[in-house]
Protein chains: 2
Amino acid sequence: MFFDPHVHTEGLGLSELRKMRESGVTHLCSLYFYPIKPLFPQTLIDGFRKLKEFESFRCSLVDLDMIPAVGIHPRCIPPDYKTVLEHLEANEWTAFGEIGLEVASKEEIEVFSGHLMIAMEKDLPCIIHTPGRNKREITMKTLEILSKLNFPPEIALIDHVNFENLDLVADGGYWVGLTVQQGKLTREEAVKIVEEIGEEKCILNSDVGFGENILTTVPETAKMLGKSAKKVCFENAKKFLGV
Amino acid sequence: MFFDPHVHTEGLGLSELRKMRESGVTHLCSLYFYPIKPLFPQTLIDGFRKLKEFESFRCSLVDLDMIPAVGIHPRCIPPDYKTVLEHLEANEWTAFGEIGLEVASKEEIEVFSGHLMIAMEKDLPCIIHTPGRNKREITMKTLEILSKLNFPPEIALIDHVNFENLDLVADGGYWVGLTVQQGKLTREEAVKIVEEIGEEKCILNSDVGFGENILTTVPETAKMLGKSAKKVCFENAKKFLGV
């Protein structure tokens, strides 16, 4: 049994979801992401419902237990995003994601902070993106925002951590998201990080979705993690997401 | 080389699109469909752009030549759908689909007729759904609407034709869409229809998308069609879509 807590099921076909299930993934968290910049906040409001209702249903067809995570990804902030934040505040959710900063513009910071304040009020776990570019600098900005808000680290997963920002994230007591994917971490690097900082806070994920995907990255890396796999590939994600 | 002119690429992952390409499908038409009832017309307006921009890009990654078709499917008519029709009228498109009637409610008829009038004005090919339930009755209603508008049959593909409505569609001079899929036509039935009415107006398709899919249905049925495959699985779709 594996838990892949960072997947964009909307980019995957049913046979791909089945392939994940057959590889041993039993639970996943599907994160909202719109692959072009939306022109309307309504697109996201309908999209969150599509994720909660239709994507959960599609996952259930192949016996995957799916947790939906909603929110505005920094690369798809619509005009009048306050409408989306009001919608998030007014309704019930299980988790927020993918949220965070990409370039740390004023708008991104406002949107990200808006989610965090709602998450604190509702006690919602947040899956927080860190970008490929300027990772260290943007991670520092991200942690600064969390710190200023006194955001509880136990409901914050800082994702796509690598050797550029590992020390920053590990020191703060946050969940450390390790994304094994082309352009992010290799399996070997993920194993090395777990060895370095211990298994208690590490959560492995695939970030599979709209692009080229290695669907079975969590079970494959689990094999290399040995004893640590139980926590890093299942229990920690369950605990973080409160399932 | 095969042309699959009824696909919902938004329900397919990249490895599935690649599998289609490897089976010999070189061209496809991707039709807009939102798998829950949208609450906002804006969702469709953003969705059409996602289909035109992002889905075309995703198809190009696996060397698939994709024609986007947009419009309001009868099962996903949003409130204030006139906003969507105005958007369709004000912009440039290649094809309309998936449009048509599901239960032939007053609202469905208004939405369908709205698309047809814009299509006539812009000379756009239309891929027109016929439902599983009451297929003969709803097809009669569909053809009545087309006929009243003097809609040019050469830009109308009546889709999901089977033995229940074949005579109605064939007699009208419309393109006859043959969907080989579980719950629609078997390969043998599709071949039988082509033998019965000739290859000139038949267009084979898979309707693959969000559900259980046989991705290679067009190439597989082509093998059974012999000499007719050239027209039914490629040339007719090309002619209809004006590519």
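The values are calculated or read from the model by the stated rules, or taken from the named source; none is laboratory data. Keep in mind that this is a model prediction, so the values were computed, not measured. Cβ atoms come from the backbone with ideal geometry, glycine included; neighbour counts cover every protein chain shown.
I want to confirm something. Restricting to region B:210-239 and keeping residues that are small (G, A, S) and under 19 Å from B:T130 (Cβ atoms), which single residue is farthest from the other protein chains (Cβ to nearest Cβ)? Only one residue tops the list, namely B:A237. Candidates are the residues of region B:45-74 that are in contact (Cβ under 8 Å) with a residue 40 or more places away in the chain and out of contact with any strand residue (DSSP E or B) (no Cβ under 7 Å at 6 or more places or on another chain); the one that is surrounded by the fewest Cβ atoms within 10 Å (Cβ to Cβ) is B:D63.
Within region A:13-28, take every residue that is buried (at least 18 other Cβ atoms within 10 Å of the Cβ), touching a residue at least 60 places away in the same chain (Cβ under 8 Å) and touching a helix residue (DSSP H, G or I) at 6+ places or on another chain (Cβ under 8 Å) and give me the one that is nearest to the other protein chains (Cβ to nearest Cβ). Among those residues, the one meeting the criterion is A:E16. Among the residues of region B:227-243, those identified as small (G, A, S) and modelled with pLDDT of 95 or more are B:S228, B:A229, B:A237.
Assess whether A:C202 counts as being under 24 Å from A:I67 (Cβ atoms) and either of a type in the set (G, A, S) or without any contact (Cβ under 8 Å) to a residue 40 or more places away in the chain (or both). Steps first, answer last, please.
Numbers: under 24 Å from A:I67 (Cβ atoms): yes; either of a type in the set (G, A, S) or without any contact (Cβ under 8 Å) to a residue 40 or more places away in the chain (or both): yes.
Answer is yes for this residue.
Within region B:182-209, how many residues turn out to be modelled with pLDDT under 95 and within 14 Å of another protein chain (Cβ to nearest Cβ)? Residues in region B:182-209 being modelled with pLDDT under 95 and within 14 Å of another protein chain (Cβ to nearest Cβ): 1 in total.
When the test is whether a residue is of a type outside the set (D, E, K, R), within 11 Å of another protein chain (Cβ to nearest Cβ) and either more than 25 Å from B:G24 (Cβ to Cβ) or assigned to a helix (DSSP H, G or I) (or both), B:I72 does not pass it.
Report whether or not A:F33 is within 11 Å of another protein chain (Cβ to nearest Cβ) and either over 15 Å from A:F3 (Cβ atoms) or outside any loop (DSSP other than H, G, I, E, B) (or both). Against the criterion (within 11 Å of another protein chain (Cβ to nearest Cβ) and either over 15 Å from A:F3 (Cβ atoms) or outside any loop (DSSP other than H, G, I, E, B) (or both)), A:F33 does not qualify.
Identify, please: which residue in region B:175-221 is small (G, A, S) and in contact with a strand residue (DSSP E or B) (Cβ under 6 Å, 6 or more places away or on another chain) and is, among those, nearest to B:D4 (Cα to Cα)? This residue is B:S206.
Picking from A:E98, A:E121, which residue would you name as being outside any strand (DSSP E or B) and among the acidic types (D, E)?
On the way: A:E98 fails: outside any strand (DSSP E or B).
After applying the criteria, what remains is A:E121.
Right, A:I99: surrounded by fewer than 21 Cβ atoms within 10 Å (Cβ to Cβ), away from chain B (no Cβ under 14 Å) and in contact with a helix residue (DSSP H, G or I) (Cβ under 9 Å, 6 or more places away or on another chain) or not? Criteria not met by A:I99. Here A:L157 meets each of (1) surrounded by 18 or more Cβ atoms within 10 Å (Cβ to Cβ); (2) part of a helix (DSSP H, G or I) with one exception, condition (2). Scan region B:137-151 residue by residue and report those that are surrounded by 15 or more Cβ atoms within 10 Å (Cβ to Cβ) and more than 11 Å from B:E102 (Cα to Cα). Across region B:137-151, the qualifying residues are B:L143, B:I145, B:L146, B:F151.
Of the residues making up region B:44-55, none is farther than 20 Å from A:P38 by Cα and either touching a helix residue (DSSP H, G or I) at 6+ places or on another chain (Cβ under 9 Å) or of a type in the set (A, V, I, L, M) (or both). Contact annotation: residue pairs with Cβ atoms under 7 Å, 6 or more positions apart or on different chains, pairing a residue in region B:115-130 that is on the phi > 0 side of the Ramachandran plot with a partner that is outside any strand (DSSP E or B) and not aromatic (F, W, Y), are B:D123/B:I155.
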